[in-house]
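Only one structure is covered here, and it is reproduced in the block below.
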Amino acid sequence: MPSIEPLDDLSRLYETVADAFGELVDQTLKTEPYFRVSLSGGSTPKRLYEILSQRDLPWGKIHWFWGDERNVPHDDPESNCKMVRQAILDPAGVAQSLIHPVPVNVVDPAAAATAYEQTLREFFPGDSFPCWDLVLLGMGDDAHTASLFPHTEAIDEQQRWFVENWVEKFSAYRYTLTAPAINSGNQIWFLVAGANKREALGHTTGEQPNGHAYPSQLIRPTRWWVTRDAMPAA
């Protein structure tokens, strides 16, 4: 697992990750026709997306996907799709052909998950799992990532790419990439900020394996972006 070099605060984290994102896009496009990113929802990445929307990126060559979604319509305030559109895609004027949201079906989440998995398989034909150029991830204070929550069925999925996942603590379905479909990324970045994440990060990076209790342990990140206040005690 890569070492963690803490960043002083959120502002520094956002600017540093935005710089690295642009560098990775440029590097990838030297050998690939486009860049494929799986986006994180939640509160931490929103400001990052707003900063990226102001950057001079090759917008016509980046395909945007979602690593997880909530089982609500796209116009709902809780929708990850809505947040990402408002924060980056709409301000940057990204073409609809480059945007691949989860086709939420509130009454039949299994059908929506199957449909999105089919979208991914068509986009990555012949691959055992999707070959992302970048997977952006956050971490909850319960050590969940994407919508892989502790003690939920999706944690054990090894064949599917994308599934619906019943989360008892919310009495609701979530949609999520599976752990193998996340770990297939060429780059996998965790963004972790805030003192409330300290315990979860400690469990995730600790030596005691327990992926059911701490799902972020299932992921093999290539880089950590962590604020100093989120670092576990030495």
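The values are calculated or read from the model by the stated rules, or taken from the named source; none is laboratory data. Nothing here was measured: the structure is a model prediction, and the numbers come from that model. Cβ: placed from backbone, ideal geometry, glycine included. Neighbour counts: every protein chain shown.
Go through (1) over 28 Å from ASP141 (Cβ atoms); (2) surrounded by fewer than 20 Cβ atoms within 10 Å (Cβ to Cβ); (3) touching a residue at least 12 places away in the same chain (Cβ under 8 Å) for LYS46 and report which single condition fails.
It is condition (1) that LYS46 fails.
Let me confirm something: among VAL17, VAL106, VAL25, which residue is touching a strand residue (DSSP E or B) at 6+ places or on another chain (Cβ under 7 Å) and over 24 Å from MET231 (Cβ atoms)? Give the steps one after another, and end with the answer.
Numbers: VAL17 fails: over 24 Å from MET231 (Cβ atoms); VAL106 fails: touching a strand residue (DSSP E or B) at 6+ places or on another chain (Cβ under 7 Å).
Among VAL17, VAL106, VAL25, only VAL25 is touching a strand residue (DSSP E or B) at 6+ places or on another chain (Cβ under 7 Å) and over 24 Å from MET231 (Cβ atoms).
What number of residues within the range 122-136 satisfy the criterion of being closer than 14 Å to HIS100 by Cα, surrounded by fewer than 17 Cβ atoms within 10 Å (Cβ to Cβ) and in contact (Cβ under 8 Å) with a residue 24 or more places away in the chain?
Qualifying residue count for the region: 1.
Looking at THR176, THR145, can you tell me which residue is in contact with an Asp or Glu (Cβ under 8 Å, 6 or more places away or on another chain) and of a type in the set (S, T, N, Q)? Spell out the reasoning first.
Values: THR145 fails: in contact with an Asp or Glu (Cβ under 8 Å, 6 or more places away or on another chain).
Only one candidate passes the filter, namely THR176.
Quick test for you: out of ALA154, ALA143, ALA200, pick the one residue that is crowded, with 21+ Cβ neighbours inside 10 Å, modelled with pLDDT of 95 or more, under 15 Å from the mean Cα position of the chain (by Cα) and of a type in the set (A, V, I, L, M).
Values: ALA154 fails: under 15 Å from the mean Cα position of the chain (by Cα); ALA200 fails: under 15 Å from the mean Cα position of the chain (by Cα).
None of the others qualify; the one that does is ALA143.
Identify, please: which residue in the range 130-165 is of a type in the set (S, T, N, Q) and in a loop (DSSP other than H, G, I, E, B) and is, among those, nearest to PRO109 (Cα to Cα)?
To start, the set of residues in the range 130-165 that are of a type in the set (S, T, N, Q) comprises 145, 147, 152, 158-159, 165.
Then drop every residue that is not in a loop (DSSP other than H, G, I, E, B), which leaves 147, 152, 158-159.
On the way: SER147: 14, THR152: 16, GLN158: 19, GLN159: 18 Å.
Only one residue fits best here, namely SER147.
Given the structure, is GLU15 over 20 Å from SER97 (Cα atoms), loosely packed, with under 12 Cβ neighbours inside 10 Å and either of a type in the set (Lys, Arg) or modelled with pLDDT of 95 or more (or both)?
Working: over 20 Å from SER97 (Cα atoms): yes; loosely packed, with under 12 Cβ neighbours inside 10 Å: no; either of a type in the set (Lys, Arg) or modelled with pLDDT of 95 or more (or both): yes.
So GLU15 fails the test.
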